[in-house]
Amino acid sequence: DINDHSPVFPEERIAFDITEKSDPGSRFPLEGARDLDIGSNTVQTYSISPENEYFSVSCGSRSEDDKYVELVLEKALDREEQAEMSFSLIAEDGGSPPRSGTTQVHIVILDVNDNAPIFTQEVYIGQILENMPEGSVVLTVLATDQDAGVNGDITYQLSQAVGQSDSVFVIDPITGEIKLTKPLDFEAADTHELRVRARDGGGLSAICKVLVEVVDVNDNAPELVVSSFSSPLPENTVPGTVVALFSVRDRDSGANGQISCALEDQLFFSLRPAYKNYYELVTVSALDREETAQHILSVTAADAGSPPLTSTQTFTVDISDVNDNAPVFNQTSYTMYVRENNVPTVFVGAVSAADADVGLNAKVTYSLAPVQAAERPWCSCISVNSENGHVFVLRPLDYERLRQTEVTVSASDAGSPPLRANVTVRLVVLDENDNAPLVLYPGQDGSPASSELVPVSAEAGYLITKVVAVDADSGQNSWLSYHLLRATEPGLFTVGVQSGEVRLRRPVTDRDTVKQKLVVLVRDNGKPPLSATAALSALLLKDFSDVRLPHSSPATEDQGDSLTTYLIISLVFVSLLFLISTVAFVARKVCKRKELEAGHVLYGADNLQSGLADAAAAGTLPRAHCYEISLTTGSGNSEFKFLRPILPSLPPQHCASGQDPDEGQDFPCVPVSTEEMAPDNVGTLSAGQFN
């Protein structure tokens, strides 16, 4: 055999109930542990953990197969000291290494009535008034018993009475309260001696002594007699004024006949001893009727009895009014609103002031306070009702001229002398939608609608122009929105609702009319909304980009139209010269006719390379360059822009003279060299200098 098993107790927890009167040496048998091993590997020893002074473990064998284990009581138990205890019983075998098993032992100590009740005091002393009603508690006795259960349950009883006490007192057997069974009489007996027995459930008892002292009762209250009293008092009465004079007396003697007087409210009044048992009621501080119009004063006279008896006299002092309060407005300032274009004498609000005084001192009248010359000018459009403070606007107001104004309203009472207060009333004029939008751009002064140039190559979203408008109103009435009202091609244009920007909705096509007319509606956000229109026109031109049409007067526009006509005639004449000089380009010139009539001529290397070379060889053309001609219908003097050369150098230049369309005179030939035509020297020539 090898030691491969630990000792095992039959039960994991063993409980014993042992009385506290068990003698030391008492034995309590236990069920031993079992070990499957044999020989020295089986259970050899038992021990207790933790060790204690009350119990030990003993083991042995009556025969080879009969082993026993016992719990031995080493010391007398005391339940009142320790009611329960627990420890572990350990069984250990003789193997190497040894193995052990454990079980829990729980000891419950049973109580024995070995403690008598004990009172908290040997002598109880109580006092009770002679006029206490039947059933009143005199005092409570208390005894304790350290035993438990029935042995600790205590009951009380009166064990001895002196004289008539048995019929006067009774004790509650459970709580120990001693109560009266009938009223006491101090004159018959001032002291009562009782004995109370406390007994537990086991028959043990204890006795204590109770002394009850009867206290005399003060049964006569003081009397208060008023000699003089003044009411009402004006609120400006000086401190120290006598209001009332009275005397006090008490028929009792000794301490029960000693009287003291007290005033509950000593903030404005106080009591002052006069002579012997007379007192004066006087004022000690300034009175204020608005704070307290009536003072109810309670004077209490009390004797020195136990408990003391008291008598109360009430003085009602009325305070008469003095005009010491100015009117007070219910607001520090007033803000009232009126819509412009109001009807005359319209009600806009009311001011209200209250006066804390009464009667005529509180009657308030209202008026407009005059302003000093150095202050803001007085507004004649506001009136206030003197009786109720209603504020009226006497005439129609215009928000665009007067947005707000302030006046000072005065409130005066009818006192003597009168007191007054002022308050500022601010009148705010509210805007109404009475102003239509005003178009600033394009100008709408009766002149022909302005024209904007739009290149036909422009993409959708191209910005054509922007309509600018303002509204003299404010707030929502000045919020403007822009809408396309009419257009030659409605689907071609779009207008930004908030920005007023006129843009292309889609690319320009050949089917679109060259001159487009648009009417933009500008509408405010008022109710009902007001609107204005802006008329403008746009010219759809080919190969023109980022060109804006300057706005000019009608005279300037007529002059520009005349100059444009002369330029077109000159271009046609030059084109005929090219057609005559070179037959090879006749077909191409016919295709370019529309572009020439539209005011845009472009001579490039792709269509003039060979023709210009032949003409230059004949000595009829200068050095070849690209000419881009920009024609504007609204400018006073159109310009030609010379760009970089697109052909190589040709034979020496030739010049042709022309005529200035503006002056009607011949203009001289202006030779242009190759250096002047270089890209760095790009410049402009007027129509009269066109070479």
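The values are calculated or read from the model by the stated rules, or taken from the named source; none is laboratory data. The model shown is predicted, which means the values in this text are computed figures rather than measured ones. Cβ atoms come from the backbone with ideal geometry, glycine included; neighbour counts cover every protein chain shown. Just so you know, the surface numbers come from the protein's heavy atoms only, side chains and all, with ligands and any DNA or RNA stripped out. Shrake-Rupley method; radii C 1.70, N 1.55, O 1.52, S 1.80 Å.
Suppose the chain between I38 and I174 were pulled fully straight at 0.36 nm per residue; how much longer would it get relative to their current alpha carbon spacing?
Answer, rounded to one decimal: 42.5 nm.
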Sticking with the crude label model, points 7 Å out along Cα→Cβ, report the distance from D265 to L129 in nm, one decimal please. 3.0 nm
On the protein heavy atoms, probe 1.4 angstrom, tell me the percent of accessible surface of region 290-401 carried by carbon and sulfur. 52 percent
Computed FRET value (nearest 0.05) for V215 with V282, which takes r as the C-beta separation and R₀ as 45 Å: 0.70
List the residues, sorted by chain then number, that are 5 or more residues from G349 or on another chain and whose placed amide H is less than 5 Å from its amide H. V391
Given 37 °C, 0.692 mPa s and a Kirkwood radius over Cα pairs, the Stokes-Einstein diffusion coefficient of region 117-214 in µm²/s is 239 µm²/s
Give the accessible surface of region 438-541 per residue, rounded to a whole number of Å², with probe radius 1.4 Å and ligands, DNA and RNA excluded. 50 Å²
Extending each Cα 7 Å along its Cβ direction at A354 and T509, get the distance between those two points in nm, one decimal. 7.9 nm
Subtracting the Cα-Cα distance from 0.36 nm times the residue separation, let me have the gained length for R249 to R486 in nm, one decimal. 74.3 nm
Among L419, N361, Y399, which residue has its Cα positioned farthest towards the positive end of the charge dipole of region 328-430, with +1 placed on the Cβ of Lys and Arg, -1 on the Cβ of Asp and Glu, and the dipole taken about the Cα centre? Y399
Estimate the FRET efficiency between A472 and A535 by the formula 1/(1 + (r/R0)^6), using the beta-carbon distance for r and 22 Å for R0, to the nearest 0.05. 0.50
Where labels lie 7 Å past Cα in the beta-carbon direction, separation of S320 and A83 in nm: 8.2 nm
Segment E12-F347, length gained on full extension (0.36 nm per residue, minus Cα span): 110.7 nm
Å² per residue, accessible surface of region 223-320 at 1.4 Å: 53 Å²
Quantify, in whole percent, the carbon and sulfur part of the accessible surface of region 1-134 (1.4 Å probe; protein heavy atoms only). 46 percent
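Leaving out ligands and nucleic acids, note down the accessible area per residue over region 328-430 with a 1.4 angstrom probe, in whole Å². Don't jump to the answer; show the numbers that get you there.
On the way: 5700 Å² over 103 residues.
Using a 1.4 Å probe on heavy atoms only, each residue of region 328-430 averages 55 Å².
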Taking H as built 1.01 Å from N, whose amide H comes closer than 5 Å to the amide H of L77, not counting residues under 5 places away? S22
